[in-house]
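Next up is a structure, given as structure tokens.
Computed from the coordinates by the stated procedures, all read-outs in this text should not be read as laboratory data. These numbers were taken from a predicted model, which means no experiment stands behind them. Because the Cβ atoms are built from the backbone with ideal geometry, glycine has one as well, and the counts that use them run over all protein chains shown.
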Amino acid sequence: MTSPSKKSNQFVNAGGLNWYVEEMGQGPTILLVHGTGASVHSWRDVMPLLAENYHVVALDLPGHGQTASQNSSNFKLESMGNGVAAVMAAMKLAPEIVVGHSAGAAILTYVCARKLLHPKTFISFNGAFYPFEGWAGSLFSPIAKLAAFNPFLPRIVSGLASRAKVEKLMRDMGSTISSEGVDLYFNLFKQPSHVAAALGMMASWDLHGMEANLARLEPRSLFVAGDQDKAVAPEVADRAAARCRNATSLHIVGFGHLLHEENPRLAAEIIKGIYK
């Protein structure tokens, strides 16, 4: 077990993949799951704040960051959910709190609904529980489907990536993040394998059964939405919470899709249950 001030990393073999995992702190376990196109880096400023009171675990999803995978079947929601649960089993961990951002929240909904994990609390930040609508749907869906038939597209997309374009993408999602954060995303988007995984997720996911999974959620649940989110409509949090047995939604003024990166202290306070 690490001290609150130090972060450790390891690779965990589970579900046929070698998962990259970071840990920090001592106490009850919190599991953090990032969204499409991100990695553990998205929790970098949240983890130390949580580690003051908790043992915090974050992992890279298949094909993202340092969890290598070229098998498109690994990018399906069910496969990712089963894999996340397998990592926790391999590490002999039973998280008391699970936290997901965007697609990560959908993955954890599946995990909890299928009782693969049994947390006391489930928290979603800007959860993507339904197919993208608006600009995100009109942009990502056709590109993702094209990528499924054109293995060269991820290399083309990564080759076209620039720091300015990445920064604009963040703004298009309603978020302004730090220069360090933009650099980290830029470095990810320069990797064709990472781009392929992100596009593969969007091409292969079927979210039409998500409401049934939400209805099966048993943990106390909180659905957080940034009111400036332009990728996932803030109203999605209300719709998702209404499907659950024991859930509330919370709208935060002034933040977009990457709320937890824009204001990590606020995100940590929400997770700890001390946000007022």
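If packing is taken as the mean number of other Cβ atoms within 10 Å per residue, what is the order of 104-115, 190-201, highest first?
Ranked from most to least packed, the peptides come out as 104-115, 190-201.
On to the next question. Measuring from label point to label point, each 7 Å out along Cα→Cβ, what is the Ser178 to Gln10 span in nm?
It is 2.7 nm.
Below 15 angstrom from the Cβ of Lys168, what's the summed charge of the other residues (Lys, Arg +1; Asp, Glu -1)?
It works out to a net charge of +1.
May I pose another question? Kindly rank 49-56, 36-43 from highest to lowest mean number of other beta carbons found within 10 Å of each residue.
36-43, 49-56
Now for a different question. Classify the chain as rounded, prolate or oblate from the Cα gyration tensor: take a ≥ b ≥ c as the square roots of its eigenvalues, call it rounded if a/c is under 1.5, otherwise prolate when a/b beats b/c and oblate if not.
Judged from the Cα gyration tensor, the chain comes out rounded (a/c under 1.5).
Let me know the charge dipole size of the chain about its Cα centre in debye, to the nearest 20, where only the beta-carbon of Lys, Arg (+1) and Asp, Glu (-1) is charged.
Magnitude of the dipole: close to 340 debye.
Also, quick follow-up: Hey, in the GNM for the chain with a 10 angstrom Cα cutoff, which one of Ala164, Ala14, Ala241 fluctuates hardest?
Ala164
Give, rounded to the nearest 20 debye, the magnitude of the charge dipole that region 1-126 has about its Cα centre when Lys and Arg contribute +1 at Cβ and Asp and Glu contribute -1 at Cβ.
So the dipole magnitude of region 1-126 works out to roughly 200 debye.
Which of the aspartates and glutamates could a cross-linker bridge to Lys165, judged by Cα under 13 Å and excluding same-chain residues fewer than eight apart?
In chain and number order, the partners are Asp183.
Which one, Gln191, Leu116, Met170, is farthest towards the positive end of the dipole of the chain when Lys and Arg carry +1 and Asp and Glu -1 on their Cβ?
Comparing the listed Cα positions along the dipole, Leu116 ranks first.
Another one. With each run of n ≥ 4 DSSP H residues scored as -39500 (n - 2.57), what mean residue ellipticity at 222 nm is computed for the chain after dividing by its residue count and rounding to the nearest 500 deg cm²/dmol? Walk me through the intermediate numbers first.
Working: 12 runs with 115 residues, N = 276.
Result for the chain, helices only: -12000 deg cm²/dmol.
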